[in-house]
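First comes the structure, then the notes that go with it.
The values are calculated or read from the model by the stated rules, or taken from the named source; none is laboratory data. These figures come from a predicted structure and were not determined experimentally. Here Cβ is always computed from backbone atoms with ideal geometry, including for glycine, and neighbour counts include all displayed protein chains. Surface areas here come from the heavy atoms of the whole protein model, side chains and all, with no ligands, DNA or RNA. Shrake-Rupley method; radii C 1.70, N 1.55, O 1.52, S 1.80 Å.
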Amino acid sequence: MIQSENSIPAFDIKQQYAFIEAEISAAVLEVLNSGRYIGGPVVEGFEQQFAAYTGVSQCVACNSGTDALYLALRVFDIGAGDEVITTPFTFIATSEVISAVGAKPIFVDIDANTFNLNLRQVAAAITPRTKSIIPVHLFGQPVDMTALMDIANAHNLIVIEDCAQSTGAIWGEKKVGSIGHIGCFSFYPTKNLGGCGDGGAITTNEPEIAAKLRILKEHGQKNRYIHEEIGINSRLDAIQAAILQIKLRYLDIWNQQRQAIASRYHQFLRQVPGITPPQELAGGKGVWNQYTIRVLNQKRDWLRNQLQEQGVNTMVYYPRPLHLQPVYENLGYQPGQLPVAEQASQEVVSLPMFPELSEEQQDQVIYRLKDCLG
Ligand SMILES: *Cc1c(COP(=O)(O)O)cnc(C)c1O
C-alpha cells in the first residue's frame, strides 16, 4: 500500500480522535479516577442515551456486535433444530452466531441494487423450522423493514436486526434497531459509532427481554453466584462507555458528513462508464458506513491496483460470500446457487469513506477513478 503524504486512506479514525481528544481524555481520566471500571453509572448512562437515540425503551450494552447477535438469538431460545434466514453477503459474525447457538443458517440471495436481502427469496425460504430472520443493514443502508416485518409477522418469526454498520440509519420514520424485535449494534472502531476498542449494544422495547439479556450476559446469574442458565461474560467497559457517550453527541453530524460525501460521489460517478454506484431505496436514509460501487467486466481487481498506485486506497467487502466459505462446506451450497451475491463479491469495491474526508480528497478519488476508466 502506498502511504505517501498525499495518499488517501480507505478510512481514517485518527482524525476523529484528534477532533475530540480533549473531551475523551477528560472522560477517560474521570473513569480511571472513579475506580468503577465495570458497570456503574457511566455504562448505565450510555445505555439510556443510546436507547433514547435509537427510539427504544431498553438498551443493554455488551462487549461486541458479535455478542449482541449471539445474545439476541439466545434470549429468544433459538438453537438446535431451528433455521434462521440471513444474507450470505455480510461479515461472518452474522451467521457465525447462528451456528454458535446450534441453529442452522439459511442463506438466501441478495438484491442486486441494494446488496441487502432479497425479500422475495426470504419469503420463499420459510419452512416449519424457521424461527427467525436476521436482516443486515449492509454498508449503512436500511433494509425495507416494512416489507420484512410483514413477512415475519405473517409467519410469527423473530426479527433480529444486524445494525452493526448502520447506527443512525432510518427506515420510514424509525431508526434501525427499533423496528424488528431486537436490534444489535457494534461499536468496533471503524463503525459509524466506534469506540476505542470493542463494544456492542442490544436494543428492544420489551423490558422482560432486556432483563433476560442482562442475566445471559452475566454468566446466567440473576443473584450473584446463583447461576440459572449457561450465559457468557459480555460487558461494555466503563472507559468505552465514557468515550461512546461523547461520540454519540457527534454521530448525527458525522453521519450527515458521510451523506454529503455519498451525494457528491453519486453526482460525479453516475456518468462514469464501467461502474455502478450504489442505490438507495426510497423510504430509507442510509448512513454510509461504506460507499460501495460495482466494477463491471471483471475489472475490479485491476481497478483497485490502478487506484492504489495513484494513492487511492480501497477495500473489498466481501470477497467471498458466506455460503461458499470453507467453514460452511457442510451446509452443501454450490457455486452458482446464490448468483447475485456471488457476482457482487467479484464486482464490489468500497471507496474512501469517513466523515473527515475532505472535498479535495473526494475530488482526487473521483478524478482518479474517471482517469482509470477513461
Ligand atoms: C462488525 C460487524 C459485526 C460484528 O461486530 P463486532 O463488534 O466486530 O463483533 C456483525 N455484523 C456486521 C454486519 C458487522 O459489520
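Summary table
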item: Within the stretch 142-158, tally of residues that are open to solvent by less than 20 Å² (accessible area, probe 1.4 Å) and away from the ligand (no atom under 15 Å from the Cβ); result: 4
item: Residue under evaluation THR66, criteria (1) within 12 Å of the ligand (Cβ to nearest atom); (2) over 27 Å from LYS212 (Cβ atoms); (3) in a helix (DSSP H, G or I), criterion not met; result: (2)
item: Any hit, the stretch 119-131, residues being in contact with a Ser or Thr (Cβ under 7 Å, 6 or more places away or on another chain), touching a residue at least 24 places away in the same chain (Cβ under 8 Å) and not assigned by TED's automatic domain parsing to the domain that holds PRO278; result: no
item: Complete set of residues in the stretch 265-302 that are open to solvent by 70 Å² or more (accessible area, probe 1.4 Å), part of a loop (DSSP other than H, G, I, E, B) and either more than 20 Å from THR114 (Cβ to Cβ) or not assigned by TED's automatic domain parsing to the domain that holds VAL316 (or both); result: GLN271, PRO273, ASN297, GLN298, LYS299
item: Subset of the stretch 214-238 that is hydrophobic (A, V, I, L, M, F, W, C) and within 16 Å of the ligand (Cβ to nearest atom) - its residue that is farthest from GLY40 (Cα to Cα); result: ILE232
item: Pair list, Cβ under 6 Å, 6 or more apart: the stretch 90-110 residue assigned by TED's automatic domain parsing to the domain that holds VAL143 and closer than 20 Å to GLY336 by Cα, other residue assigned to a loop (DSSP other than H, G, I, E, B) and more than 16 Å from the ligand (Cβ to nearest atom); result: ILE106/ALA125; VAL108/ALA125; ASP109/ASN118; ASP109/LEU338; ILE110/ASN118
item: Cross-chain or 6+ apart pairs with Cβ under 6 Å, the stretch 280-293 first and closer than 15 Å to GLN256 by Cα, then surrounded by fewer than 23 Cβ atoms within 10 Å (Cβ to Cβ) and modelled with pLDDT under 95; result: GLY286/GLU280
item: Those residues of the stretch 217-238 which are open to solvent by 10 Å² or more (accessible area, probe 1.4 Å) and within 30 Å of GLY286 (Cβ to Cβ), in sequence order; result: LYS217, ASP237
item: Check on LEU307, touching a Cys at 6+ places or on another chain (Cβ under 7 Å) and crowded, with 18+ Cβ neighbours inside 10 Å; result: yes
item: Residues located in the stretch 170-208, provided they are within 12 Å of the ligand (Cβ to nearest atom), surrounded by fewer than 22 Cβ atoms within 10 Å (Cβ to Cβ) and among the polar types (S, T, N, Q); result: THR190
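Every residue, every condition in (1) part of a helix (DSSP H, G or I); (2) open to solvent by 10 Å² or more (accessible area, probe 1.4 Å); (3) within 13 Å of the ligand (Cβ to nearest atom), yes or no:
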position	(1), (2), (3)
LEU29	yes, yes, no
VAL42	yes, yes, no
GLN48	yes, yes, no
GLY81	no, yes, no
ILE98	yes, no, yes
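Results for (1) acidic (Asp, Glu); (2) in contact with a Lys or Arg (Cβ under 9 Å, 6 or more places away or on another chain); (3) outside any strand (DSSP E or B), shown as yes or no for each residue.
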| position | (1), (2), (3) |
| --- | --- |
| THR167 | no, yes, yes |
| GLY177 | no, no, yes |
| GLY180 | no, no, yes |
| PRO189 | no, no, yes |
| ASN192 | no, yes, yes |
| GLY197 | no, no, yes |
| ALA201 | no, no, no |
| ILE209 | no, no, yes |
| LEU213 | no, yes, yes |
